[in-house]
Every structure is written in structure tokens, then in C-alpha cells.
Amino acid sequence: MCLAIPARVVLIGENRMAQVDIHGVTRTISLDLVPDGEIGSWVLVHAGFAIQVVDEQFAAESWEL
């Protein structure tokens, strides 16, 4: 089982490395596994990688859990 947390992409740099906002905490992650990830996208993050693009409603519901 893996635990992934929703984050919003705020900046994309070289080699598809991105800065994401996770409830006010900034982290650097890789977007290599989600080619459709872009600034403003919500992604699920696991072990430093975005593993899926999700919509804002899904992200909000996940945080409520």
C-alpha cells in the first residue's frame, strides 16, 4: 500500500523538477511520471514523485479525510 498526498504545482524547473505546495509547506518533487502536470495542477505525491494528476475537488476531499 502506498500513501500519496495531494499538492499543488507552483513552479516547474529543469528536468521536470517542480516546487509544490502541500498545505503551506514547499517541497521539490519530480514530474517525470505525469507528463500532463503543469503549474496550477493538483498532483498526488509519493516518495518525491507526482504519481497522478487529480482535480481540486479530489484534493480537497483527500485532505478532509
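What follows is calculated from the coordinates using simple rules that are stated; it is not laboratory data. Just so you know, these numbers come straight off a predicted model, no measurement behind them. Every residue, glycine as well, gets a Cβ built from its backbone with ideal geometry; the counts of neighbours run over all protein chains shown.
Overview of results
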read-out	value
For Ser62, net neighbour charge (Lys/Arg +1, Asp/Glu -1) across residues whose Cβ lies under 15 Å away	-4
Low-density loop cleavage sites - GluC sites (Glu not before Pro) in region 7-65, where at most 15 other Cβ are within 10 Å (DSSP)	Glu38
Highest-fluctuation residue, Asp32, Asp21, Asp55 considered, GNM on the chain with Cα pairs under 10 Å	Asp55
Nitroxide proxy distance, nm - points 7 Å out along Cα→Cβ at Leu33 and Met17	1.9 nm
Choice from Gly37, Gly13, Gly48 with maximal GNM fluctuation in the chain (Cα, 10 Å cutoff)	Gly13
Reciprocal mean inverse distance between Cα atoms of the chain - Kirkwood radius, Å	11.4 Å
Rounded to the nearest 20 debye, dipole of the chain from Cβ charges on Lys, Arg, Asp, Glu	220 debye
